[in-house]
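Okay, structure first, notes after.
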Amino acid sequence: MPAPRGFLNKLVAVNGAIATVLFGALTVIVSLQVLTRFVLHMPFIWSEELARFLFFWVVLLGAAMSVKNRRHFVIDVTMGRVDTWSPTLRFGFSAIPHLCILAFAALLFVQGIGYTKIGLLRTATNSRLNMALVYAAIPTFAALTFIYALGNLLLDYRTHVRGRAPEPLEPPMAE
Amino acid sequence: MLWLLFGSFALLCLLRVPIAFGMFISSTLTIWVQGDVPLSIVTQRVWVGLNNFPLLAVPFFLFVAQAMNETGTSQRLIEFSRAIVGWIRGGLAHVTVAVSMIFAGISGVSSAEALGVGSVMIPAMKREGYPTGFAVALVAASATLGNIIPPSLMMIVYAATAGLSVGAMFLAGIIPGILIGVLQMVYSHRVASKLQIGDTHPFSVKKLGASTLISWPALLIPILIIGGILGGWFTATEASVVSVLYVMLLAMIYREFSLKRLYKLAEDSIGMFSLSLLCVAAASLWAWILAFYSVPQGIVAWFGEAGLLGSQLSIFAVVVFVFLVIGSFMDAVPAIIILQPIVGEIGAAGGIDPYHLGIVVVLTLAIGLLTPPYGLCLLIAADLGGMSVAAATKALVPFYIISFIVVTVAVFAPDFILWIPRAALANLMPGAAP
């Protein structure tokens, strides 16, 4: 694999790598839970809890990645008619979703930091983990989403208005 | 309040804001304008919505579906299906339905199934003279079984949203799934007889033996999942992780895996399941607001005044109609989480068994996978067959009828549909025989 170029592509590659490693860990932990229940007849008390925490992180890291890759479900009411519009109009229309996501990400980041601070005072029942470690996934998701949405906005500006060829995107993934 | 929530959400969708963010933003806006609760509820609901153990089955089953296509398991299952049903008139059509049913017993995602089965079976059927429209429609329609025969992504999300047992929901899908598969085969047989096609593969014990030998490890997965849940050994989540391990073991045995491919596959799956699961998180906030302002109760009261709660039949008619329309425009997962809080309340007020309601909703949403503009199976199959969505939709008409027949059966004969989960999980199911 050639090393990804550009800050955003590097960031999303690291984002994906961390998510994938955590997903691997999640698989191992749930497997251990099944195994200990069947073989030892006594599952670890911490495994179910830890699995939920890892799942939380994996989902939010993955969801941020999908903001960058523009894969989130959209209802397409325009049925491709946008392509016939003038470049400026097209950019204006494509900017709206990015701006909405930016605004929400900013709010979620502020709220998420507050929530993480509350988490500092809480400890998980079985795994004795500090809940701030878990809740921190929310501001992380918000910050990454903000950066990716901003990147997409700038990219759209360059392609539609300035008429420059888009930067090479990630290879399209199979659905 | 209701107008603000639904109105801003509809507006955001029209402006092409992704559904999950549309739900987040319209809920946040409503909370901010109403000012009854602090905005910190937003973060709290993201955590509560995802902090749900049954949801862990979603990534695992999705990963298995991706891995099946990636490791050539789909290919081996097609060979096996060819040996069991390929000799009947309309052979390849029966193979398509049979392999879709087996695939459905392993994966819970219809789009992966349409892609995996369709990329092989559509060209194969075309070569043997089947009309392209029929081949495309059959692949699309049989792929919907992925969400009906357990495991099923839609059922996991429905059960998690409605607070039902995922295992019981799964078992409720067995009878309707088989019913749809059999009706599709009957129809295929009629088409093949009329066109005098598809009668070229004589039955051979040798082939059956050989293909069983290479595909039996994969065939164990549905037995493991359904048997495990039926026997009460596994929960759905545990069954999902067991199938992940099993598929990886198979890949190692068949030597079809490198670490690099595994990494790519996992990363790609994460990108995919996070789409549905972010919707779950957003819907958790959405549902909380609805509950806080007693919206479901309000709608139930409105239904009562309109005289629609009088019979269960009228409730079902409304539910089927609403999910049919919504399912044509958006993915099934957000459709379920947006509407389930309301529909569940209406069903409860009408005295409908929640599993009965759930299976009717899932069967209806499965039709939405086949209807334009947003029918994933339709879009994938039409693309694979190289035909327009409009032409493929026309070819799908007989299959719409088949699915409707089964929805009707599910509405009118709950005792027949829910027989398996009631017998297996008697303690979980209301209305089960003692």
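Inter-chain neighbour count for B:29-41: the average number of beta-carbon atoms from partner chains within 10 Å of each residue's beta-carbon is 1. Averaged over peptide B:45-57, the number of partner chain Cβ atoms lying within 10 Å of each residue's Cβ comes to 5.
The percentage of C-alpha pairs in segment B:60-215 whose separation is greater than 29 Å is 17%.
Which of B:LEU277, B:LEU370, B:LEU195 moves the most in a Gaussian network model of chain B with Cα springs under 10 Å? The residue with the greatest mean-square fluctuation here is B:LEU195.
Here A:ASP83, B:ASP268, B:ASP199 are placed in order of increasing Cβ neighbour count within 10 Å, fewest first, which gives A:ASP83, B:ASP199, B:ASP268.
Per residue of A:130-141, what is the mean number of Cβ atoms on other protein chains within 10 angstrom of that residue's Cβ?
Working: counts 0, 1, 0, 0, 2, 4, 0, 3, 6, 1, 0, 4.
Mean shielding by partner chains, rounded to a whole number: 2.
Scaling against 2.2 N^0.38 Å puts the C-alpha radius of gyration of the protein assembly as shown at 0.95. Sorting A:150-159, B:286-295 by their mean Cβ neighbour count within 10 Å, with the most densely packed peptide first, gives B:286-295, A:150-159.
Per-residue Cβ neighbour counts within 10 Å put B:MET125, B:MET1, B:MET185 in the sequence B:MET1, B:MET185, B:MET125, beginning with the fewest.
Modelled this way, with points 7 Å down the Cα-to-C-beta line, the labels at B:ALA291 and B:TRP233 are 3.5 nm from one another.
Our summary of shape: the Cα atoms of segment A:100-142 have principal axis extents of 39, 13, 10 Å, ordered from largest down, in whole angstrom. Taking a straight line from the alpha carbon of B:LYS264, these aspartates and glutamates sit under 12 Å away, with near neighbours fewer than eight places off in the same chain left out: B:GLU70. When chain B is treated as a Gaussian network with alpha carbon springs shorter than 10 Å, the biggest mean-square fluctuation among B:GLY116, B:GLY298, B:GLY90 belongs to B:GLY298.
Go ahead and estimate [θ] at 222 nm for the protein assembly as shown from helices alone: -39,500 (n - 2.57) per DSSP H run with n ≥ 4, summed, over the residue count, rounded to 500.
Working: 28 runs with 445 residues, N = 609.
Value at 222 nm, helices only: -24000 deg cm²/dmol.
For the residues B:LEU213, B:LEU384, B:LEU183, a GNM of chain B with alpha-carbon springs under 10 Å puts the largest fluctuation on B:LEU213.
Once you order the gyration tensor axes a ≥ b ≥ c over the Cα atoms, which shape class does segment B:268-337 get: rounded for a/c under 1.5, otherwise prolate or oblate by comparing a/b with b/c? List each step's numbers first, then the result.
Values: a/c = 4.14, a/b = 1.69, b/c = 2.46.
Note, shape of segment B:268-337 comes out oblate.
Which of rounded, prolate, oblate describes segment B:168-304, given a ≥ b ≥ c as roots of the alpha-carbon gyration tensor eigenvalues and a/c under 1.5 marking rounded, otherwise prolate only if a/b is larger than b/c? Could the numbers behind the result be given before it?
Numbers: a/c = 2.29, a/b = 1.41, b/c = 1.63.
Cα axes put segment B:168-304 in the oblate bin.
Each of B:SER142, B:SER26, B:SER274 has some number of other Cβ atoms within 10 Å of its Cβ, and from fewest to most they run B:SER26, B:SER274, B:SER142.
Bear in mind that the values in this text are calculations on the coordinates, not laboratory data. As the structure is a prediction and not an experimental result, all values here were calculated from the model. Cβ: placed from backbone, ideal geometry, glycine included. Neighbour counts: every protein chain shown.
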